[in-house]
Amino acid sequence: MSFSGKYVFMCERGVEGKKGKLTIFETLSHKKKKTLPESIDQENSTTSPEFVAAAFSPREDKMIVTLTGAPDW
């Protein structure tokens, strides 16, 4: 959850050769705010099938730090 409590995100693993996604939701309305990557061009910016970890910046709702990769479980 974001610092202000206004947003929450969900990381999704890609299936069948697709890339992973990160989706941001507004907590009060439960509406989808944004999905990353937004376009095919951005989707090609990483070769990872999933987001391994993600976190909002500690003081603002403007930045999310992500880590992509495929863990060896």
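The values are calculated or read from the model by the stated rules, or taken from the named source; none is laboratory data. Not measured: the values here are computed from a predicted model. Ideal geometry is used to build each Cβ from the backbone, glycine not excepted, and the neighbour counts take in all protein chains shown.
Cβ-Cβ below 9 Å, separation at least six or inter-chain, first residue in region 54-66 and within 21 Å of Gly20 (Cα to Cα) and without any contact (Cβ under 8 Å) to a residue 24 or more places away in the chain, second in a loop (DSSP other than H, G, I, E, B) and among the polar types (S, T, N, Q): which pairs?
These pairs meet every condition: Met63/Ser57; Val65/Ser57.
Any idea how many residues of region 11-30 are among the aliphatic types (A, V, I, L, M) and crowded, with 16+ Cβ neighbours inside 10 Å?
Quick first cut of region 11-30, residues among the aliphatic types (A, V, I, L, M) only: 15, 22, 24, 28.
Okay, now just the ones that are also crowded, with 16+ Cβ neighbours inside 10 Å, so 22, 24.
The total comes to 2.
Residues that are at pLDDT 85 or above and of a type in the set (D, E, K, R): list the strands (runs of 3 or more DSSP E) wholly contained in the chain that include at least 3 such residues. First the steps, then the outcome.
Numbers: elements: 7-12, 21-26, 32-36, 51-56, 64-68.
Those strands (runs of 3 or more DSSP E) span 32-36.
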